[in-house]
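Please treat every number below as a calculation from the coordinates, not as lab data. Just so we're clear, the structure is a prediction, and the values are computed from it rather than from any experiment. Don't worry about glycine lacking a Cβ; one is built from the backbone with ideal geometry, like all the others, and counts go over all protein chains shown.
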Amino acid sequence: MPPLVRRSCRALYTRRLRRSTASGPLPRHIGLIMDGNRRWARQMGLSELGVGHRYGAQRALKVLDWCESLGIRHVTVFVCSTENLARREKAEVALLMRTIEEMVTLHLARPDNPWRVRIAGTLEALPATTARALTTAVESTAGRTEGPEITLAIGYGGRRELVDAVRDLLSEQAAAGAELAHVAERLTVDDITRHLYTAGQPDPDLIIRTSGEQRMSNFLLWQSTHAELQFCEAYWPAFREIDFLRALRSYGARQLRPSA
């Protein structure tokens, strides 16, 4: 099939997918595990694999546009884990941090951008300039209470989040003079939930992971209990609107299934 005909067919198919997806059940909150930036860069023959993160950031902004157009109001993206920060080469981590700073400063915190920025993770593990850029983005977008929310999971680990939540809960109860045995006896799911990094947000309904890997990698372990999971073979920078819409279509079809 000639390239022009192929592009025309793809465009037509994408339009049909948009229409059918928009009319079906849509998730309120999507989690994105943006995997495969380095492998995509290698596949493209780029000498510096970390450059894949820049292309990945551009793709993330595109996906936010797609979500906004469909009225999806909550998106959490797994930017990097605590393990990534510790294990990757310093030059690659530095490039990733600069990319994050540019993304939040030049795009997400821009006055004409509707997204409210939230953070999940520990800023103490980040360079000072990155932590400052993220904090500034959170503060400058805090007034966008009527718009959609983007949560950046950065310096994030699901197990660490649970430890921090329990620690905060115990500290709160100790400050109130409660005894440990009394706290244990009355402990509920809601007690843990309100101390998570994502407190106040709905749990994700759909989690999409790219690059063909089929694991959660310590992402939103508590919050994803009832989430639908969708795995896509494409590397993150090559993740297309067609791939996104297919994931939503699959989610909608599963929501419409009769219960057993």
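By how many degrees, between 0 and 90 and to the nearest 10, does the Cα long axis of helix 3-22 differ from the longest principal axis of the chain? Rounded to the nearest ten degrees, it is 40. Farthest towards the positive end of the charge dipole of segment 162-260, among the residues LEU180, LEU162, PRO204, is the Cα of PRO204, using unit charges on the Cβ of Lys, Arg, Asp and Glu. If only the Cβ of Lys and Arg carry +1 and only the Cβ of Asp and Glu carry -1, the dipole of segment 96-223 around its Cα centre is close to 380 debye.
Could you work out the relative contact order of segment 39-96, using alpha carbon pairs under 8 angstrom and six or more residues apart, expressed as a whole percent?
Worked out over segment 39-96, it gives 39 percent.
Compared with the dominant principal axis of the Cα atoms in the chain, helix 90-102 is inclined by about 80°.
Here's the picture: charge each Lys and Arg Cβ at +1 and each Asp and Glu Cβ at -1 in segment 1-92, and of SER23, VAL75, MET44 the one pushed furthest to the positive end of that dipole is SER23.
Against the chain, whose longest principal axis is taken from its Cα atoms, helix 241-255 shows a tilt of about 60°.
Once you keep just the Cα pairs under 8 angstrom separated by 6 or more residues, what percentage relative contact order results for the chain?
Numbers: 365 pairs, mean separation 72.8, N = 260.
Computed over the chain, the figure is 28 percent.
Dipole magnitude for the chain: computed about the Cα centre from +1 point charges on Lys and Arg Cβ and -1 point charges on Asp and Glu Cβ, it is near 1500 debye.
How large is the helix-only mean residue ellipticity at 222 nm for the chain, computed as the sum of -39500 (n - 2.57) over DSSP H runs with n ≥ 4, divided by its residue count, in deg cm²/dmol to the nearest 500? Write out the running numbers ahead of the final one.
On the way: 10 runs with 124 residues, N = 260.
Taken over the chain, the calculation gives -15000 deg cm²/dmol.
Relative contact order, percent, of segment 1-121 when contacts are C-alpha pairs under 8 Å separated by at least 6 residues? Rounded, it is 26 percent for segment 1-121.
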